[in-house]
Amino acid sequence: MRRIFPRIVYNPVTLIGAGIATVSFGLIVFLFILDLFSGESRPYLGIITFIILPVFLIMGLLLIAYGIIRERKRIKRGLVRSGKFLVIDLNDVKQRRMLATFTLGTLFLLIFSAFGSYKAFEYSESDEFCGSICHEVMEPEYSAYLSSPHSRVGCVGCHIGSGANWFVKSKISGAYQVYSVLFNKYSKPIPTPVRELRPAEGTCEQCHSPEHFFSEIKFKSNYYLYDEANTKSSISMLLKIGGGNTELGRAEGIHWHMNIANKMEYIHTDELRDTVPWVKLTNDKGEEIIYKSTEVSFNENDYPKENLRTMDCIDCHNRPSHIFNPSDKSVNLSMALKRIDESLPYVKSVSVEALEKYYTTKESGLNKIRIFVDEFYKYNYPEIYSSKKNIIDNSIKEIQKIYSRNYFPKMNVSWRAFPNHISHLYDTGCFRCHDNKHVSDDGQVIRKDCNLCHTIIAQVTPDGEEHLSLKGLDFIHPVEIEEPLLEQVCVDCHARESKTKHEQILQQISHSD
């Protein structure tokens, strides 16, 4: 039989390489056409089409070259292959049937393989794939994601998105993550991917447009004190969402930082961007104002260049889809919704303390929460325990639900593990810059002024008195504090020391009995 190519091509290594290269090229063409007509961006499909399969194509081509070189050397040494190719005689009925069966089987196999590959690509882009494959590692993030405002936004939309550069970056990062999971090298908790996430203009701003943010929104919060009566208070305020475009409305309020006429830059000194000693504002006239912290020692001429950031959505909304709520906030909400009965003495304090205790496993935590709350009322309030046992049991179930959503002992995950820069009650948040301690050379200060971001229009104080004013009220702290309010930072009590406070309250109850 006449050979189409030179003899050196007909060797096992070259033929295997040709097979790999041919299949890889065919799949690349197939997936490229599929992606072209799909009508939507499919990040994982693009990664496989333009990154993974070309690697196999190159490997096949290298095998072809290696086989040819190797065969040439064999021929020079006098080693000649005596094998012959299979001769197919279509006049032979058996061979004709065998060829037809093989051809049809191969065709069906290719079709079903292509279909199966496509379904595998679809699954690899699903939220279930991202959250469930590495169940123990990703369980906290996946659970928080399912309860978040962005639960309908696919994981790949923010963590990968479109564009070849971010395909490569995310896969390099992902390769190390796979290695970490396989060899148990991952951190507990998994750190927030501060550097690996795409800029906000490639994710958040595909749906949200800061230049169209205007006006104010009303926000009301009910909260309960840690006393025996679970004294209820409430506060209503107008949040100055602001931002906007000066041509369409006033540019002010919270999203003024994101107004397209302003450019806000800052330098942070820690990985979590909690410490911000240097801020620069460039206004629409090109004028620059630099604010420096009077409390943090910092040399602006000597810092890692990656620590200089232009402010975007993620600098405040740093946990938009993976939110672990503080125990205090969660219990307040459940009490306001009557899921935890506020008539039970000290139920606010008991609930928070039960949630904040350390447990080795989630199963142990759920069990010990039930025992802790049950025994508290059994020994301290026996009459209430016997008359309101069903109410206590229902409250315990709600506390356990809060724990299941926000605490994951195996991964060392709770709301304390991740700072949430939105607001300033449970984390430093706004006060990273708005602390009255960032001052420019000409004496301008980044103000710590409540009215910059919100106007309190109503507050019910613990004594039951309701204060109302559309012009704005000064916040009345529900309990007496030693220092003036504006000289303190909320997080010092509401997060860092809150656990100790709850323990002291419950210890006093136990000792008095």
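Quick look at the values:
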| quantity | calculated |
| --- | --- |
| Qualifying helices (runs of 4 or more DSSP H) (wholly inside region 95-176; at least 2 residues being at pLDDT 80 or above and outside the structural domain of Val23 (by TED's automatic domain parsing)) | 135-146 |
| Selection status of Lys348, surrounded by 19 or more Cβ atoms within 10 Å (Cβ to Cβ) and among the basic types (Lys, Arg) | yes |
| Condition broken by Ile48, with the remaining ones in (1) modelled with pLDDT under 85; (2) aliphatic (A, V, I, L, M); (3) over 19 Å from Val156 (Cβ atoms) satisfied | (3) |
| Failed item, numbered, when His257 is tested on (1) in a loop (DSSP other than H, G, I, E, B); (2) at pLDDT below 80 | (1) |
| Any hit, region 194-210, residues being touching a Ser or Thr at 6+ places or on another chain (Cβ under 7 Å), assigned to a loop (DSSP other than H, G, I, E, B) and either within 24 Å of Asp270 (Cα to Cα) or modelled with pLDDT under 75 (or both) | yes |
| Subset of region 57-74 [closer than 13 Å to Ser24 by Cα, buried (at least 16 other Cβ atoms within 10 Å of the Cβ) and out of contact with any Gly (no Cβ under 9 Å at 6 or more places or on another chain)] | Leu57 |
| Considering residues of region 375-431 that are among the small types (Gly, Ala, Ser) and not in a helix (DSSP H, G or I) only, the residue nearest to Thr275 (Cα to Cα) | Ser423 |
| Residues of region 432-453 classified as farther than 21 Å from Ile235 by Cα and in a loop (DSSP other than H, G, I, E, B), total | 11 |
| Tally of residues being among the small types (Gly, Ala, Ser) and farther than 25 Å from Trp278 by Cα across region 432-489 | 4 |
| Region 337-357: number of residues that are part of a loop (DSSP other than H, G, I, E, B) and in contact (Cβ under 8 Å) with a residue 12 or more places away in the chain | 9 |
| Residue among Ser221, Ser297, Ser334 that alone is assigned by TED's automatic domain parsing to the domain that holds Gln444 and either without any contact (Cβ under 8 Å) to a residue 60 or more places away in the chain or surrounded by 15 or more Cβ atoms within 10 Å (Cβ to Cβ) (or both) | Ser297 |
| Some residue of region 413-420 being over 20 Å from Pro189 (Cβ atoms) and surrounded by fewer than 20 Cβ atoms within 10 Å (Cβ to Cβ) | no |
| Region 306-328: number of residues that are assigned to a helix (DSSP H, G or I) and either surrounded by fewer than 18 Cβ atoms within 10 Å (Cβ to Cβ) or at positive phi (or both) | 2 |
| Complete set of residues in region 383-396 that are loosely packed, with under 14 Cβ neighbours inside 10 Å and within 21 Å of Glu363 (Cβ to Cβ) | Asp393 |
| The one condition in (1) within 23 Å of Arg339 (Cβ to Cβ); (2) surrounded by fewer than 20 Cβ atoms within 10 Å (Cβ to Cβ) that Tyr379 fails to fulfil | (1) |
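The values are calculated or read from the model by the stated rules, or taken from the named source; none is laboratory data. Here the structure is a predicted model, which is why all the values come from computation and not from measurement. Cβ: placed from backbone, ideal geometry, glycine included. Neighbour counts: every protein chain shown.
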